[in-house]
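Take a look at the structure below.
The values are calculated or read from the model by the stated rules, or taken from the named source; none is laboratory data. These figures come from a predicted structure and were not determined experimentally. Virtual Cβ from ideal backbone geometry, glycine too; neighbours counted across all protein chains shown. SASA here: full protein model, heavy atoms, side chains in, ligands and nucleic acids out. Shrake-Rupley method; radii C 1.70, N 1.55, O 1.52, S 1.80 Å.
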Amino acid sequence: DVKVTQSSRYLVKRTGEKVFLECVQDMDHENMFWYRQDPGLGLRLIYFSYDVKMKEKGDIPEGYSVSREKKERFSLILESASTNQTSMYLCASGGAYYEQYFGPGTRLTVT
Amino acid sequence: QQPVQSPQAVILREGEDAVINCSSSKALYSVHWYRQKHGEAPVFLMILLKGGEQKGHDKISASFNEKKQQSSLYLTASQLSYSGTYFCGTPLGYKLTFGKGTLLTVNP
């Protein structure tokens, strides 16, 4: 079974803090993704990576950056957290047919 | 372009059937289906790769009509455990574009 883990299930940060969310997959997948999910807005893609050190912006990249130094690890960085970044963050790993395997999610609250 | 799902929500009694539809304005080569239970992450259910192909997962099956650019998810003899939000996803390069989801509630 594919396993995708995320560093925290719940996180509370203050406005202006730098926030790191980490994601690790164990299936040697090339593609990894970061989404945020908000009520009524569905799943929105923030960034994705199709190879080590390769990244592309998704639909809502503003205020975020990513890092992929190793194939199994994909990090999402909030450079200066703001209250409108309070959300559920989901990492996913992509299989051969682009099917996605999601981690458990991190519920981030920015106060 | 985001696929369009219908209905937005459906309420069933245990044992009833339901159909969830997913349509796209663009040509489709595959369609994915996911289920997300309340408070959990989405889980991949199945992928349909060919026109008219049907696949199954327990009593959940799906069809895919390439020409109509549509897919349908069939939930037969629904169980309480089927409750959740169902998403379809359509590939766009390396990415998937997800529909907004259909909230399925199964009551005893």
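Structure values in brief
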{"read-out": "Projected label distance in nm at A:T111 and A:V52, using a 7 Å step from Cα toward the beta-carbon", "value": "4.0"}
{"read-out": "Bridge type composition, chain A - antiparallel percent by DSSP, nearest 5", "value": "90"}
{"read-out": "Cβ neighbours within 10 Å from other chains - mean over B:93-106", "value": "4"}
{"read-out": "Total formal charge among the other residues, if their Cβ is under 11 angstrom from that of B:G84, Lys/Arg +1 and Asp/Glu -1", "value": "+1"}
{"read-out": "Dipole of chain A, positive direction: furthest Cα of A:G58, A:A81, A:T111, with charges on the beta-carbon", "value": "A:T111"}
{"read-out": "Given charges at beta-carbon only (K, R positive; D, E negative), |dipole| of the stretch B:4-107 in Debye", "value": "340"}
{"read-out": "For the stretch A:1-57, share of DSSP beta bridges that run antiparallel, in % to the nearest 5", "value": "100"}
{"read-out": "Cβ charges +1 (Lys, Arg) and -1 (Asp, Glu), total dipole of the protein assembly as shown, debye", "value": "320"}
{"read-out": "Pairs from B:K26/B:K95; B:K37/B:K95; B:K67/B:K100; A:K70/B:K37 whose Cα-Cα separation, in the structure shown, is over 26 Å", "value": "A:K70/B:K37"}
{"read-out": "Within chain B, percent of DSSP bridges classed antiparallel, to nearest 5", "value": "90"}
{"read-out": "Cβ-placed point charges (K, R +1; D, E -1), dipole of chain A about Cα centre in debye, nearest 20", "value": "380"}
{"read-out": "The stretch A:82-111 and the stretch B:83-108: distance between their alpha carbon centers, rounded to Å", "value": "15"}
{"read-out": "Amide H partners (placed H, <5 Å) of A:D59, local residues excluded", "value": "A:L45, A:I46"}
{"read-out": "For the stretch B:33-44, 3J(HN,Hα) per residue [Karplus equation, 6.51 cos²θ - 1.76 cosθ + 1.60, θ = phi - 60°, Hz, x = Gly/Pro]", "value": "10, 9, 10, 10, 7, 4, x, 10, 7, x, 10, 5"}
{"read-out": "Enclosed volume per residue, in Å³, of the convex hull spanned by Cα atoms of chain B", "value": "88"}
{"read-out": "Largest to smallest accessible area among B:I60, B:I11 [probe 1.4 Å]", "value": "B:I11, B:I60"}
{"read-out": "Net charge over other residues, Cβ less than 15 angstrom from the Cβ of A:R68 (K, R count +1; D, E count -1)", "value": "-1"}
{"read-out": "Amide N proximity, the stretch A:4-19 versus A:N84 label position 7 Å along Cα-to-Cβ, cut-off under 19 Å", "value": "A:13-19"}
